[in-house]
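Okay, structure first, notes after.
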Amino acid sequence: MNRKLLACVMVVLATGSACAADGQKARQAFRQMDQNGDRALQFTEIQAARAALFDRLDANRNGVVDNSEAQDALQRVREGGRLQMVTAEGLETQARRMDANGDGRITRAEFAQFIPDRLLRADNNGDRALSLAELKALRQR
């Protein structure tokens, strides 16, 4: 698999383009991420969840998701029917932004620290947290 496809897989799994299909799964995911129980997702909580996701993707635990790991993740997303339509240009742009040091690899730290544009835009009041109202609005977009 080429670097472009690896980047696409990482971004699909990272940007909210792969979403819980039903409300129950979304509520369960929210409860798991809301570590302080304030009924909002702090960006730090989102980053912690992203780090945990990266750990599940990085099967060989080398700190980088390699081609075979990316292929496995893409296959799971496709089989689960969670892949929504996204543009290749959009995915590549997000992957480049995620790759903070520009080395062509997305490490655990880069993956975890990145807050996708979609989530940044949903933070209407700029408090670096997503309230229930902001999350509901995001889900309806």
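The values are calculated or read from the model by the stated rules, or taken from the named source; none is laboratory data. None of these values were measured; they are calculated from a predicted model. Heads up, the Cβs are rebuilt from the backbone with ideal geometry, glycines too, and the neighbour counts pull from every protein chain shown.
Could you figure out which of (1) modelled with pLDDT of 90 or more; (2) surrounded by 13 or more Cβ atoms within 10 Å (Cβ to Cβ); (3) farther than 28 Å from Arg139 by Cβ isn't true of Gln113?
(3) is the only condition that Gln113 fails.
Only one residue in Leu135, Leu130 is in a helix (DSSP H, G or I) and either of a type in the set (Val, Ile, Thr) or under 19 Å from Phe30 (Cβ atoms) (or both). Which one? Outline the logic, then answer.
Values: Leu130 fails: in a helix (DSSP H, G or I).
After applying the criteria, what remains is Leu135.
Taking region 77-109 as the search range and keeping residues that are surrounded by 15 or more Cβ atoms within 10 Å (Cβ to Cβ) and either in a loop (DSSP other than H, G, I, E, B) or of a type in the set (D, E, K, R) (or both), which one is modelled with the highest pLDDT?
Here the residue is Arg108.
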